[in-house]
Amino acid sequence: ILNVEQSPQSLHVQEGDSTNFTCSFPSSNFYALHWYRWETAKSPEALFVMTLNGDEKKKGRISATLNTKEGYSYLYIKGSQPEDSATYLCAFKGGSEKLVFGKGTKLTVNP
Amino acid sequence: GAGVSQSPSNKVTEKGKDVELRCDPISGHTALYWYRQSLGQGLEFLIYFQGNSAPDKSGLPSDRFSAERTGGSVSTLTIQRTQQEDSAVYLCASSFIGQPYEQYFGPGTRLTVT
C-alpha cells in the first residue's frame with residue numbers, strides 16, 4: 001500500500017510570514033510528484049508537477065523542491081498572504097496512471 | 001476555455017437510494033479520473049478511464065459503485081443502495097496522458113446520505 005504523508009496537518013501563520021510544509025512519499029518506483037492547492041468551495045488547482053530528483057519549481061511566492069532518493073518534497077510560501085489560505089495537497093505518481101494523495105496541509109494566514 | 005464541470009454540486013439522498021454523479025471533462029483530455037474525499041481523509045482514487053482502454057477500477061470500494069464514460073467524454077459515477085459511509089465529496093479530474101501532466105479538477109459533488 002502506497003503511503004503519502006503530509007505534515008503538518010494544519011498551520012496558522014501571520015500575514016507576511018514565510019512557511020513551509022513537507023510531503024513524504026515512496027522512494028521506489030517514482031514517476032512524478034504533484035502539488036495542488038485546494039481552496040474552500042473551489043476545485044483543486046495544480047501548482048507543480050515535478051519529476052526529476054533535485055528539481056526546484058517556482059510560481060510567484062510559492063516554490064517546491066524534490067528529493068526522490070529520500071522520498072520527500074517541500075513546499076515553501078514566502079511572505080504569506082490571506083489569499084494563500086487553502087489546503088495544500090501533494091500526490092505521488094508511480095507506475096500507474098492514478099495519483100496517491102496525502103491528506104493535505106491546511107494553511108490559514110491571519111491578516 | 002471551459003474547465004471540468006460536475007453535476008449536481010450537492011446531493012442529499014436517503015440511505016438505500018441510488019445516485020448518479022456526472023462529470024464533463026475538458027475537451028481533448030483523454031484521461032478521466034474519479035476521486036472522493038471523505039471527512040478527515042485524503043483524496044481517494046476510485047476509477048480511471050483512458051481513451052478506449054478498459055478502465056482501472058481498482059479503487060472502487062464495493063460493487064455498489066460503477067462508472068461509465070460514453071463516447072470518450074462525459075462520465076457518470078453510479079452508487080447503488082447508498083450507505084452513510086458513502087457521504088463524501090466526489091471529484092472528477094481530466095488530463096492528457098503520456099506525460100506526467102497535471103490533472104484538472106472539477107468543483108466536486110458533495111453527497112450526503114441520510
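We did not get these values from a lab; they are worked out from the coordinates using the rules stated. This is a predicted model, so every value here is computed, not measured. Note: ideal-geometry Cβ built from the backbone for every residue, glycine included; neighbour counts use all protein chains shown.
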Which residues in the stretch A:63-86 place their backbone N less than 11 Å from a point set 7 Å from the Cα of A:Thr22 along the Cα-to-Cβ direction?
A:72-74
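What is the Rg over Rh value, at two decimals, for chain B, using alpha-carbon atoms and the Kirkwood definition of Rh? Could you put the intermediate results ahead of the total?
Numbers: Rg = 13.4 Å, Rh = 14.1 Å.
Rounded to two decimals, Rg/Rh equals 0.95.
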Give, rounded to the nearest 20 debye, the magnitude of the charge dipole that the protein assembly as shown has about its Cα centre when Lys and Arg contribute +1 at Cβ and Asp and Glu contribute -1 at Cβ.
80 debye
Rounded to the nearest 20 debye, dipole of the stretch B:29-114 from Cβ charges on Lys, Arg, Asp, Glu:
140 debye
Radius, Kirkwood style, for the protein assembly as shown when every pair of distinct Cα atoms is counted (Å)
18.1 Å
Spin-label pair B:Glu85/B:Ser9, simplified geometry with 7 Å Cα→Cβ offset, distance in nm
3.1 nm
Dipole check, the stretch A:1-69, charges on Cβ (K,R +1; D,E -1), about Cα centroid: among A:Leu66, A:Gly16, A:Gln6 the Cα furthest to the positive pole belongs to A:Leu66
Per the Kirkwood formula on distinct C-alpha pairs, the Rh of the stretch A:14-93 is how many angstrom?
13.0 Å
Treating the beta-carbon of each Lys and Arg as +1 and of each Asp and Glu as -1, no other charges, what is the dipole magnitude of chain A about its Cα centre, to the nearest 20 debye?
160 debye
Post the alpha-carbon centroid distance, the stretch B:47-114 to the stretch A:5-69, in whole angstrom.
24 Å
